[in-house]
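Heads up: the structure comes next, in structure tokens.
The values are calculated or read from the model by the stated rules, or taken from the named source; none is laboratory data. The model shown is predicted, which means the values in this text are computed figures rather than measured ones. Cβ placement follows ideal geometry from the backbone for every residue including glycine, while neighbour counts extend to all protein chains displayed.
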Ligand SMILES: [Mn+2]
């Protein structure tokens, strides 16, 4: 009998598993990848009796693999906040799904563990750009301004590390980052004892953001702003956190960031306005390779000639 932990390679996925394994230590095989790599269950070939934990990846996108895994006789604990599509009912499946826009998977896990490792959940909430919820929980925990900033930074950096077109773009493999995090009961201990890891992410993040700042918007109205980033490692790493940053600075504006893939194709990330976390999934869903959540969605392959349509759809929705 084996334990298999499957988790999205961003702050939310990492901090969700950290909480669960701090609560219950388990030797396990780790299955994760870049943030966009969400078909993780495809890689899992369990045997009867194996214990699977699946975190922060959409049940909809893993539907047939989840059925297959359950058919193999594995027990599955599933927690997620993405659109699950049709929720699978199975005696061996324990699913905790909450799609409300102010929830991330680490907060679902926090609830499940009755707040035992809440600081990690708050870190994840900052990483998923749920700052409002994160601040509220942080204040309830009695954290001071400096401590809250530390969690916000760590969440942002862990999230930032997950972005990229391949593991090659990343500073750390998400599994390695997880292994470092889970050694510490609190994110504060992690930061204090892992200055090298923290510093690498911090420096990388600040440099990438400042490079991104120099790019000009190609579309800018009160309701929608869009920019293109070149086919470079830094751009692929920073796109997600940079769009979060733009959203925080312009909460009433929707954002599209298009990263060149090198052959006239783009990878698009779409953010609904923070003040109206709706519709991003619907807009992305109009394109063949699009999908995501109400507040944040993406299109894996957007053609140059489809860009005007994307901007139109966003203006129609948010204008
Ligand atoms: Mn998440």
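Among the candidates 208, 189, the residue that is part of a helix (DSSP H, G or I), surrounded by 13 or more Cβ atoms within 10 Å (Cβ to Cβ) and touching a residue at least 40 places away in the same chain (Cβ under 8 Å) is uniquely 208.
I want to confirm something. Restricting to segment 294-316 and keeping residues that are crowded, with 21+ Cβ neighbours inside 10 Å and under 18 Å from the mean Cα position of the chain (by Cα), which single residue is farthest from residue 132 (Cα to Cα)? The residue in question is 299. Can you spot a residue in segment 150-164 that is over 16 Å from residue 202 (Cα atoms) and crowded, with 17+ Cβ neighbours inside 10 Å? Yes, there is a match, as at least one residue in segment 150-164 is over 16 Å from residue 202 (Cα atoms) and crowded, with 17+ Cβ neighbours inside 10 Å. Among the residues making up segment 214-233, those that are out of contact with any strand residue (DSSP E or B) (no Cβ under 9 Å at 6 or more places or on another chain) and at pLDDT 95 or above are 214, 221, 222. For segment 240-257, residues that are farther than 25 Å from residue 190 by Cβ and surrounded by 15 or more Cβ atoms within 10 Å (Cβ to Cβ) total 9.
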